[in-house]
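Coordinate-derived values only; no laboratory data. Nothing here was measured: the structure is a model prediction, and the numbers come from that model. Note that we place each Cβ from the backbone using ideal geometry, even for glycine, and neighbour counts take in every protein chain shown.
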Amino acid sequence: MASFDLPRDQLPTYQPARAEPPAFGGFWRTTLAGTRFQPLPARFGPVEAGLRTVATFAVTFAGFGRRPNHGWFLPPRHRAGPRPCLVEHSGRGGSHQVARQQRWPRRLWPEA
């Protein structure tokens, strides 16, 4: 169970004291403006992961500074049309094993 220093009702409005450098706001405005309209060409490559109900694709797309981001796309095999989507960022050193990601399609599409 999680433990917090404040009562639960105070957590949503808590704002810690911060000391930001004078150029902090300008840095982020410029940084974010430079990323807003960049194309993010994604490449999807099929992967045989041994899953019967879920297709598996390795995905690579351009991230911040055009650095490649990698992930998995796991749509249900036998359903067409729009479906819910979950994006999970595992961070640097996160799992690149598709088997670990199998739990999400089962939760999103239990009948798949």
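A few comments on the model shown:
- Between ARG77 and ARG8, the simple spin-label model (points 7 angstrom out along Cα→Cβ) gives 4.3 nm.
- Stretchable slack from LEU32 to ARG18, in nm (0.36 nm times residue separation minus alpha-carbon distance): 2.9 nm
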